[in-house]
Amino acid sequence: MDEYWSYYSKMKGRTIFSVPERILRRRNSEENCDRFIPNRSAMDWDYAHCVLTDRSMIKGRNQRLCSAATVAYRKLLAESLDMNQTRIFSFKNRPPKPVPSEPISTKPRRYITLGPERTLDAFDLIEDFFLNLLDWGSSNVLAIALGNTLYLWGASDSSVSELVTVNAENGPITSVSWAPDGRRIAIGLSNSEVQVWDSASNRQLCSLRGCHISRVGCLAWNNNILTTGGTDGRIVNNDDRIKCHIVETYRGHEQEVCGLKWSTSGQLLASGGSDKLVQIWDRSMASSNSPRRWLHRLEDHTSAVRALAWCPFQSNLLASGGGGDDGTIKFWNAHTGACLSSLDTGSQVCALLWNNKNERELLSSHGSAQNPLFLIEYPSMVKTAELTGQSSRALYMAQSPDGYTVASAAGETLMFWNVFEVPKLAKPATPFSKYRTAIR
């Protein structure tokens, strides 16, 4: 204990930690600055030198020796060089702005075959924008009219059969449509007659007369109601189970009706004509005595409208395509009649089909230099694929019952496209694309 007090008495009055005088002097100086500079690339060395030298010379007694012109010049120079900032050193860069990242899709990458999977010869196919000569039934049988003859092609076994050949004075066949049961099929003729056939027994069930005065270019089934459209501009609902088959008649088109499509619910009917009109009809208003029978009359197209398609995932959405002088695909709200959007394709729109399986997209066929099929996303309107290989415009398109395959008829060929197929890995072309067979 005595030794401790003796050591304490010797150190009393002394500075235990001595600090150099020059460091103490720098702490009181205005020029003292932090020497911790982790990021020199973010510093403006010229500006820092000017602030540490010129600005300090301006202060104090040297500032009084400067003329008014010199002070004004230095002020303008500082403003032009952005020297009015207060910070000399920069210790870090500004953080970059966050880039919005797209959500990572968990879906497998989709591979779309840009060429046809199979090609069949279809001689004597009539190329007429106002006719409808191709349809694919629920029994997986494809029907195509070639001149005066209706052929059936079985997709499951590739069998070909001839259902009916009409007389030359009654033909050619101008329209084809399968009933929902996949057994009955209706054909419209050039002499205004409509025939209904049983494809299983190869016999005619009935003949509907008196609906129109000339050729019947389009047909559409709604359960047991067969709707017909003709060159007289009339649309007629027929029930083939009763003797007086004409149930309702719609009047609104001034020229030939070339497109008919019932909505999935069977309540709304869309019609397109060579008078550039798209009309939406409500079946509940068919018996009304009002002269204005249509629900909506859409007049935005500038050419004949043949291509019509109801959206499978949005019941009130209708797509329509205009002819050669129009070339647009328009999307309508069937409840309000408003045009939601319009896409200019630059060529005649011949047919439209929705993808009713995997994606929200629309397939369109066109009459242009390469006669392509366009696959278009909805509602972004982005063209995701262009399918080529047809020698003529694809006036007729039909979709398989499973929704994956599309058949298109152009010129004298019938092509099959797996455009709506489920996502899978890329695969080589199938042997079907390397050779042709014939319908007849």
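Okay, here's what the table says:
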quantity	calculated
Environment charge at A200 (Cβ cut-off 12 Å; Lys +1, Arg +1, Asp -1, Glu -1)	+1
Computed log₁₀ I(q)/I(0) - Debye formula, equal Cα scatterers, no solvent, the range 318-409, q 0.12, 0.16, 0.23, 0.24 Å⁻¹	-0.35, -0.63, -1.25, -1.33
Cβ crowding within 10 Å averaged over residues, with 175-183, 152-160, 194-202, 211-219 ranked highest first	211-219, 175-183, 194-202, 152-160
For L343, solvent-accessible area (1.4 Å; no DNA, RNA or ligand), Å²	40 Å²
Ranked by how many other beta carbons lie within 10 Å on average, peptides 309-318, 376-385 from highest	309-318, 376-385
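The values are calculated or read from the model by the stated rules, or taken from the named source; none is laboratory data. As the structure is a prediction and not an experimental result, all values here were calculated from the model. Here the Cβ is made from the backbone with ideal geometry for all residues, glycine too, and neighbour counts use every protein chain on show. Just so you know, the surface numbers come from the protein's heavy atoms only, side chains and all, with ligands and any DNA or RNA stripped out. Shrake-Rupley method; radii C 1.70, N 1.55, O 1.52, S 1.80 Å.
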